[in-house]
Amino acid sequence: MSVSSLLKNKCYVNGKWISAKDRTVFVVINPSTGEIVGEVPDMIEGDTNEAIAAADAAFQTWRQTTAKERCQILHKWHDLILKHKEELAVILTKEMGKPLKQSMLEIDNGASFVDWFAEEARRVCGDVITTPAKGRKLFAFKQPIGVAGMITPWNVPHAMVTRKAGVALAAGCTVVLKPAEDTPFSALALCELGEQAGFPPGVLNVVTCSRQNAAKVGNAICTSPLVAKISFTGSTAVGKILLKTGASTVKKFSLELGGNAPFIVFDSADVDRAVAGLIVCKFRNSGQTCISANRILVQEKMYDSFVEKVVAAMKEQLHVGDGFDAKCTVGPLINQRAVEKVENHIKNALSNGGKLLLGGKRHKLGGTFFEPTLISNATADMLFCTEETFAPMAAIIKFKTEEEATRIANDTRSGLAGYFYSNDHQQIWRVADKINVGILGVNEGALVACVEGPFGGVKESGIGIEGSKYGIEEYLHIKYVCIGGL
Ligand code: ADP
């Protein structure tokens with residue numbers, strides 16, 4: 001695949017492509033081939049503070065633009081993203097490894113957030129409030145909150161950027177974004193297209209850094225009095241650090257943290273539909289999404305036939321390989337840490353009575369490729385039930401009653417996505433009500449984070465909503481205005 005003109009090796013700050021002040025760089029490796037994709041600046045606090053100052057200066061004029069002006073630029077950005085869809089997808093697959101087809105879908109999904117919020121910008125309305133006293137008029141103004149600091153993960157390197165920056169820019173906020181160290185190129189490519197679309201200097205800024213410097217950059221963003229809002233997607237542990245650090249300057253937070261999704265199949269379910277749902281929900285992106293099924297619970301009468309059909313579907317549909325191989329449906333894991341984690345989960349499950357039906361080890365392709373793995377006889381006290389596996393491993397637990405399944409499903413501090421399959425309509429209403437998650441698939445495993453649906457978790461899975469008609473509120477504050485003496 002040819003190197004694209006969108007593959008940028010500098011950071012984008014105040015409308016310029018720049019290096020770190022100390023000229024340090026770090027390399028980004030293609031997890032599939034081990035080849036170097038490129039190198040980008042390894043920035044620290046001083047560089048980040050400069051980007052924040054640029055975003056703050058730009059905010060003073062960007063907030064004064066009309067919603068229609070912002071809408072027009074965002075629409076141009078959206079059109080450019082789709083025009084360059086293939087190049088963006090190639091960059092994504094190179095830096096992250098996901099199959100090219102899935103990368104193309106991610107670009108479509110990412111662009112849809114820009115398109116949607118371009119329109120939503122024009123529908124922000126305040127209120128005229130009935131006055132309790134004569135001679136006064138009361139209003140609620142909705143205003144952009146200010147500079148938004150953003151930290152994004154590697155598993156959805158394109159759409160996480162558009163999903164966060166699209167809405168912030170639409171609301172009239174400006175952005176300083178730090179992409180994950182494994183996948184900075186998708187974010188930088190979006191800056192190039194943003195510039196072509198017409199964002200003025202300082203409105204959209206991307207600062208890259210290595211893992212060693214992530215805490216320094218994160219700290220600069222969280223402690224700057226010029227930053228009003230933090231939006232983070234990543235691990236619960238890091239989310240908690242940011243929340244604590246951001247407390248020093250009392251920022252508004254949107255956090256989308258780890259999940260531990262239950263996937264329940266009741267005896268009444270359509271077994272083929274449930275199997276198809278599990279294959280998508282567990283193995284898309286090699287199991288590396290926060291809404292991937294993690295704790296799979298199947299009722300006793302259904303258990304054997306479900307497991308048998310999952311084995312057949314996995315053998316038929318899952319093809320491990322390089323993301324550019326047309327047959328590939330399961331790419332590599334992001335790094336060796338991820339491989340060690342799934343190995344640990346498998347070892348724990350097998351030493352506690354789990355039965356290995358498929359896979360179980362590193363793939364013969366080497367590197368970070370891992371065999372799609374299926375384990376039966378799993379139990380709710382195994383390690384994979386307490387932390388996300390984030391890999392192509394499915395372990396299936398047998399349960400007897402609805403009460404038992406919902407109790408296990410809710411027995412976690414996470415509450416992002418959940419899924420269940422049932423054809424008993426009373427059970428559907430009961431269980432939908434009981435499962436404590438922010439996003440629920442009922443007889444549906446392909447819960448794509450579409451822009452129309454509100455996406456956000458409960459408990460330690462997060463704060464706030466992304467996408468939907470609610471998403472833009474996260475970037476606005478309400479100012480109460482009282483005009484007296486009338
Ligand atoms: P993962 O373990 O999946 O990489 P993380 O939560 O560690 O998930 O990473 C998500 C994002 O958070 C990445 O952009 C990463 O660089 C960033 N990050 C990691 N540690 C910190 C930190 N201490 N402060 C700020 N950002 C961080």
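All of the numbers you see were taken from the coordinates with simple rules; none came from a lab. In this text the structure is predicted, and so the values were computed from the model without any measurement. Heads up, the Cβs are rebuilt from the backbone with ideal geometry, glycines too, and the neighbour counts pull from every protein chain shown.
The modelled label-to-label distance for the pair Ser351/Arg136, using points 7 Å beyond Cα in the direction of Cβ, is 6.8 nm.
Within the stretch 451-486, the trypsin sites (Lys or Arg not before Pro) that combine a DSSP coil assignment with at most 14 other C-beta atoms in a 10 angstrom radius are Lys469. In plain terms, the chain from Glu86 to Leu365 could stretch by 97.8 nm, reckoned as 0.36 nm per residue minus the Cα-Cα distance.
Using bins of 10 Å that start at zero, the share of Cα-Cα pairs per bin across the chain amounts to 4, 20, 29, 25, 15, 6, 1, 0, in whole %.
Roughly how many Å is it from the Cα centre of the stretch 232-301 to that of the stretch 457-486, as a whole number? Using only Cα atoms, the two centres lie 25 Å from each other. Packing here is the average count of other Cβ atoms within 10 Å per residue, and on that basis the peptides 241-251, 99-109, highest first, run 99-109, 241-251. Stretching Val481 away from Thr24 to a fully extended chain increases their span by 159.7 nm, per 0.36 nm per residue minus the current alpha-carbon distance. The stretch 377-392 and the stretch 54-84 have Cα centres spaced 43 Å apart. Gln72 to Asn344: FRET efficiency via 1/(1 + (r/R0)^6), r the Cβ-Cβ distance, R0 35 Å, to the nearest 0.05? Using R0 = 35 Å, I get an efficiency of 0.10. Beta bridges from DSSP with both residues in the stretch 261-450: antiparallel share about 15 percent, rounded to the nearest 5. Backbone N atoms of the stretch 301-318 closer than 12 Å to the 7 Å Cα→Cβ label point of Gln427 belong to residues 301-303.
For the pair Asn410 and Lys301, label points projected 7 Å from Cα toward Cβ lie 2.5 nm apart.
Here Ser254, Ser231, Ser351 are placed in order of increasing Cβ neighbour count within 10 Å, fewest first, which gives Ser351, Ser254, Ser231.
About the centre of its Cα atoms, the stretch 261-450 shows a dipole size close to 460 debye [charges on the beta carbon of Lys, Arg (+1) and Asp, Glu (-1) only; nearest 20 debye]. Once the gyration tensor of the Cα atoms in the stretch 55-183 is diagonalised, the equivalent ellipsoid follows with semi-axes of 35, 15, 12 Å, ordered largest first.
Annotation note: GluC sites (Glu not before Pro) in the stretch 396-486 located in DSSP loop regions with a Cβ neighbour count of at most 12 within 10 Å are Glu452. For the stretch 285-365, trypsin sites (Lys or Arg not before Pro) are listed when DSSP marks them as loop and at most 16 other Cβ atoms sit within 10 Å of their Cβ; the list is Lys327, Lys361, Lys364. Toward the positive end of the charge dipole of the chain, with +1 on the Cβ of Lys and Arg and -1 on the Cβ of Asp and Glu, the farthest Cα among Met382, Gln212, Gly321 is that of Gln212. Along the Cα-to-Cβ line of Lys315, 7 Å from the Cα, sits a label point; which residues in the stretch 332-369 have backbone N less than 15 Å from it? Once the point is set 7 Å along Cα→Cβ of Lys315, 357-359 turn out to lie under 15 Å by backbone N, inside the stretch 332-369. In the chain, helices alone account for a calculated mean residue ellipticity at 222 nm of -12500 deg cm²/dmol, with every DSSP H run of four or more residues adding -39,500 (n - 2.57). Calculate how steeply helix 67-83 sits against the longest principal axis of the alpha-carbon atoms of the chain, using the helix alpha-carbon long axis, and give the answer as 0 to 90 degrees to the nearest 10. Compared with the principal axis, the helix lies near 40 degrees.
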